[in-house]
Amino acid sequence: MYSGKVVFSQVMEFLPLHIFHQCVDRYHGDYKVKEFTCLDQYYCMAFAQITYRESLRDIEACLRAQQGKLYHMGIRGPVSRNTLANANKVRDWRIYADLALSLIVTARKLYGKEAFLNDLNETVYALDATTIDLCLSVFPWAHFRKTKGAIKLHTLLDLRGNIPSFIHISNGKLHEVNTLDIIPVEAGSFYIMDRGYLDYARLYALSQASAFFITRAKSNMRCRRVYSHPVDRSTGLICDQSVLLTVPKSARDYPEKLRRVKYYDAEAEKTLIFVTNNFALPALTVSMLYRCRWQVELFFRWIKQNLRIKTFFGTSENAVKTQIWIAVSVYVLVAIMKKRLNIRASLYTILQVLSVSAFERTLLFQLLAQPDYKSEPDENDNQLILFT
């Protein structure tokens, strides 16, 4: 029978503590802290994410019920909802943002060699944002509408492994297109986005940085055809054209040629028009790449259903951002664990299993990869017979 570390501690072993302590020192997180350190705070919040706790009182009750195991989980300070609430309110959220970004770098290296869409070598990103509704009377800093509060989670998702490479948290008033001014741009990479990001000046800046974009054309797009490329209409393609914008302002913002691909989606019975600055990819691949943009929508749906980013443990801006960044770090940490242990189960399955076995003393790989494993005695043992 295994009598080693509890499951939660085995998961936290994938957390690089030297990076964590560097983040804490960078923002003086443990300045004048005697008992409940930033690491204790992170472990408590990560426990809440993994086990789906609903409130600070819920976290306190569950951890105090297992008081004898807290030391072995890495929690050294006394667990109290008031102490945890104060830590979330006061300690700089950038500690956990930097930690999550460091984990993202590690995860992207692990998933960087995965095959994607006919072995496309270039990195493909999907850019989108999701709105998290908040009560304006409880969160007065989260301005959105006159009687409604909200924050937006702007995410640049690396489609190899569905790892977020860039995350920006803003109030609900920030329009999605402004994210194009702050995202990191990598030359040769593809950026897939919906029509909300169609701003020709910003797209031209993206093109000047030697990056490629794929987006949907708006219904009022006016352009002049320069050349028509041959297409196979049996695949759903209608046309593949090189065009120039004709509206004076649009032509000034984007003075070069664009590629316009028209595609009929038989499943949705809908005609789609794509705009891109890449002229080398086959037209069908362009339409398939845009379809992959749906992965970022699934990512938002997944984290809202499986992580605690809709019900918050604090009302201050610092507490909300702290909870979101810790949730992102837990997501990436589980993805790293899945890759390093070569676990075939999905992230959803892994989190569901971890949620009911956090205090168990079971080998992590055995728990996740070999659920039907049974320890059986060896039939050919060399036990001597004492009595006959």
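I'm checking my understanding of the structure. Among residues of the stretch 337-351 that are assigned to a helix (DSSP H, G or I) and among the basic types (Lys, Arg), which one is surrounded by the fewest Cβ atoms within 10 Å (Cβ to Cβ)? So the residue we want is Arg340. Among residues of the stretch 246-257 being surrounded by 16 or more Cβ atoms within 10 Å (Cβ to Cβ) and out of contact with any Leu (no Cβ under 7 Å at 6 or more places or on another chain), the one that is nearest to Ala201 (Cα to Cα) is Asp253.
Set side by side, the residues Leu368, Leu289 differ, and just one is in a helix (DSSP H, G or I) and in contact with a helix residue (DSSP H, G or I) (Cβ under 9 Å, 6 or more places away or on another chain), which is Leu368. Flag: Tyr31 does not match the condition of being in the same structural domain as Val330 (by TED's automatic domain parsing), of a type in the set (Phe, Trp, Tyr) and either touching a residue at least 12 places away in the same chain (Cβ under 8 Å) or touching a helix residue (DSSP H, G or I) at 6+ places or on another chain (Cβ under 6 Å) (or both).
Within the stretch 107-131, the set of residues being within 30 Å of Phe144 (Cα to Cα) and acidic (Asp, Glu) comprises just one member, Asp128. Suppose we keep only residues that are buried (at least 17 other Cβ atoms within 10 Å of the Cβ) and not polar (S, T, N, Q) within the stretch 184-193. Which one would you say is farthest from Ser210 (Cα to Cα)? Ranking the qualifying residues of the stretch 184-193, first place goes to Met193.
Where helices (runs of 4 or more DSSP H) fall wholly inside the stretch 37-131, the ranges with 3 or more residues that are in contact with a Cys (Cβ under 8 Å, 6 or more places away or on another chain) are 94-111.
Out of curiosity, is Gly29 surrounded by fewer than 15 Cβ atoms within 10 Å (Cβ to Cβ), among the small types (Gly, Ala, Ser), assigned to a loop (DSSP other than H, G, I, E, B) and touching a Lys or Arg at 6+ places or on another chain (Cβ under 9 Å)? Spelling it out, it is not the case that Gly29 is surrounded by fewer than 15 Cβ atoms within 10 Å (Cβ to Cβ), among the small types (Gly, Ala, Ser), assigned to a loop (DSSP other than H, G, I, E, B) and touching a Lys or Arg at 6+ places or on another chain (Cβ under 9 Å).
Considering the stretch 233-245, and only residues there that are touching a residue at least 40 places away in the same chain (Cβ under 8 Å) and surrounded by fewer than 19 Cβ atoms within 10 Å (Cβ to Cβ), the residue that is nearest to Thr271 (Cα to Cα) turns out to be Gly236.
The values are calculated or read from the model by the stated rules, or taken from the named source; none is laboratory data. For clarity, every value in this text was computed on a predicted model and none was experimentally measured. Reconstructed Cβ throughout: ideal geometry from the backbone, glycine too, with neighbour counts over all protein chains shown.
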